[in-house]
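Engineer: Sharing a structure below in structure tokens format, with a few things to ask.
The values are calculated or read from the model by the stated rules, or taken from the named source; none is laboratory data. What you are looking at is a predicted structure, and each value in this text was computed from that prediction instead of being measured. Cβ: placed from backbone, ideal geometry, glycine included. Neighbour counts: every protein chain shown. Side chains included, ligands, DNA and RNA excluded: accessible areas come from the protein's heavy atoms. Shrake-Rupley method; radii C 1.70, N 1.55, O 1.52, S 1.80 Å.
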Amino acid sequence: MTSTTEQVGDFADLAATTLLRFATAGSVDDGKSTLVGRLLHDSKSVLTDQLEAVERVSASRGQDAPDLALLTDGLRAEREQGITIDVAYRYFATARRRFILADTPGHVQYTRNMVTGASTADLAVVLVDARNGVIEQTRRHAAVAALLRVPHVVLAVNKMDLVGYEESVFAKIAEEFTAYASDLGVPEITAIPISALAGDNVVEPSAHMDWYGGPTVLEHLETVPVSHDLTACPARFPVQYVIRPQTAEHPDYRGYAGQIASGVLRVGEAVTVLPSGRTSVIAGIDALGESVDIAWAPQSVTVRLADDIDISRGDLIAPSANPPATTQDVIATVCHVADQPLSVGARVLLKHTTRTVKAIVKEIPSRLTLDDLSQHPDPGQLVANDIGRVVVRTAEPLALDAYADSRRTGSFLLIDPADGTTLAAGMAGESFASQARTSVQADEEGWDF
């Protein structure tokens, strides 16, 4: 008979071998949308009517061949300007793996959308125009990928046909990018020379670059090892909703509904409710209308506890043996995504999992300089697309993990309380470029939390 532990392991292994989430990024006109279109077209993932529509639009523009970029650039403004503005999600599959692809914008003003697309990615494809080499936007995309702890990065050196398929051009770009990304802490970097327009090394190997013996883009995507085993992490269960039917059939039912962010929950396990610190034991777990003895991430379940405890939306249930630390001083790295600056003293809302609390920006110790990865001290504020360190004081304690340990419970958003605009995406703990910092001396003026 298969044990529950083996069942969880089998579930994680199945997910790891069948699904890859990846994002594409690069500067304007590097050919991201063309690469994605070529990938979909050559892997037979485009419906006939979609291809016919692209052929019609391309012909109306006087183009001899279908413009495959139109397969992903769906907004009218994108097609008119020939750029990507929004994050375009595409779902396709081959015989070896299923894929969720996020085609993110290249223009500097839409870097915030790249943060959205890469936040859940297992792999990032960063495109570089072989004629231009590594530019500032390339560095910014590499920094965002490293900051979001994307474990695999592919450098796709595009438009090799426009530089005569020269190996030396590819080697120089690959060496520069690899050195930069390695300094950021990217664990695995794979460089592939391609021509998205001509189809070289996208799905089929190129006949023009016999000096390259590595995989094509699709081959690498199909074979790169990816782990989705969230069950290996400590259990974290953010409460979304408290269920109290108070009916004749269920007069005393009290359940806490939500999605398990990581780990495994078991009936009989001792747990701690945070931030209150109260303890209890899991009396039951309900999933899909049935009682179960065990549940694991990312299942959505209802947890019943042995004791009646004051629990509401935003509280976190975790094993008493391994709970996260609670804090009101959040030290993190943020990517600023709003047009309005983020300044010291700004009053914000901090959204972490299902919990939203008032907060104030107490300090902005540094801003990252992308050229040499140095830290510019005390910038005073962060503007759109800046990456910097912040210290945020919250009105109530938060149960935070380090982002390096958990992308789900180590991330948060800073929100403008006036209109709900997202100001910054934050990652708790140390960033890729920061060194151990001395203790932060909090300024006690302003909101006194």
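Engineer: Considering only DSSP beta bridges where both residues belong to the chain, give the percentage that are antiparallel (nearest 5).
Structural biologist: Numbers: 75 of 100 bridges.
The antiparallel fraction comes to roughly 75 percent.
Engineer: Near T178, within a Cβ-to-Cβ distance under 12 Å, what is the net charge of the other residues, with Lys and Arg +1 and Asp and Glu -1?
Structural biologist: Spelling it out: positives minus negatives among the neighbours equals -3.
Engineer: Sticking with this one: Take each uninterrupted DSSP H stretch in the chain, measure its Cα extent along the helix axis, and return the ones at 24 Å or beyond whose mean Kyte-Doolittle hydropathy is at least 0.0. Provide the component values of the computation, followed by the final result.
Structural biologist: Working: long enough: 167-184 (26 Å, 0.21).
Membrane-span-like by this criterion, though nothing is claimed about a membrane: 167-184.
Engineer: Straight-line reach from K159: which lysines have a Cα under 26 Å away, not including same-chain ones fewer than 8 places off?
Structural biologist: Answer for K159, where 26 Å is the Cα cut-off: K32, K44, K172, listed by chain and number.
Engineer: Still on this model: Taking 0.36 nm per residue of separation and subtracting the Cα-Cα distance, what length does fully extending A93 through W211 add?
Structural biologist: Length gained between A93 and W211: 39.5 nm.
Engineer: Given the Cα-Cα distance of Q340 and E222 and 0.36 nm per residue of separation, how much length would full extension add, in nm? Display every interim value, and only then the final one.
Structural biologist: Numbers: separation 118, 0.36 × 118 = 42.48 nm, distance 4.09 nm.
Using 0.36 nm per residue and subtracting the Cα-Cα distance, I get 38.4 nm.
Engineer: Kindly report the accessible area of region 231-319 per residue (heavy atoms of protein chains, probe 1.4 Å, no ligands, DNA or RNA), in Å².
Structural biologist: So region 231-319 comes to 47 Å² accessible per residue, rounded to a whole number.
Engineer: For I309 and S291, calculate 0.36 nm times their separation in residues minus their Cα-Cα distance, and state this gained length in nm to one decimal.
Structural biologist: 4.4 nm
Engineer: Right, another one. Could you pull out every one of the lysines with an alpha carbon less than 30 Å from that of K351, ignoring same-chain neighbours closer than 8 positions?
Structural biologist: Result set, ordered by chain and number: K362.
Engineer: Something else now. Would you grab the residues whose amide H sits under 5 Å from the one on L20? Only those 5+ places off in sequence or on another chain, please, with H modelled 1.01 Å from N.
Structural biologist: R98, F99, I100
Engineer: Carbon and sulfur together cover what percent of the accessible area of the chain at a 1.4 Å probe radius?
Structural biologist: Details: 9800 of 20250 Å².
Carbon plus sulfur share of accessible area: 48 percent.
Engineer: With unit charges on the beta carbon (Lys/Arg positive, Asp/Glu negative), name the residue among T116, H220, P234 whose Cα is farthest towards the positive pole of the charge dipole of the chain.
Structural biologist: About the Cα centre, the residue reaching furthest to the positive side is P234.
Engineer: OK, next. From largest to smallest, what semi-axes in whole angstrom does the chain give when each is the square root of 5 times an eigenvalue of its alpha carbon gyration tensor?
Structural biologist: Output for the chain: semi-axes of 41, 28, 20 Å.
Engineer: Enumerate the calculated ³J(HN,Hα) couplings along region 200-208 in order (Karplus 6.51 cos²θ - 1.76 cosθ + 1.60, θ = phi - 60°), each rounded to whole Hz, writing x wherever the residue is Gly or Pro.
Structural biologist: For region 200-208, the Karplus curve yields 5, 6, 8, 10, 9, x, 7, 8, 9 Hz.
Engineer: When only Cα pairs under 8 Å and 6 or more residues apart are kept, what is the percent relative contact order across the chain?
Structural biologist: It rounds to 12 percent for the chain.
Engineer: By average Cβ neighbour count within 10 Å, what is the ranking of 231-239, 215-223 from highest down? Show your work: numbers first, answer last.
Structural biologist: Details: 231-239: 21.2, 215-223: 18.4.
Going from most to least packed, we get 231-239, 215-223.
Engineer: Using per-residue counts of other Cβ atoms within 10 Å, averaged over each peptide, order 302-311, 343-352 from highest down.
Structural biologist: Per-residue mean Cβ counts within 10 Å order the peptides as 343-352, 302-311.
Engineer: So, by mean Cβ neighbours within 10 angstrom, what's the order for 147-153, 415-421 with the highest one leading?
Structural biologist: Result, highest mean first: 147-153, 415-421.
Engineer: Test of understanding: extend the Cα→C-beta vector of E249 to 7 Å, then name every residue of region 268-286 with backbone N under 13 Å from that spot.
Structural biologist: Once the point is set 7 Å along Cα→Cβ of E249, nothing inside region 268-286 turns out to lie under 13 Å by backbone N.
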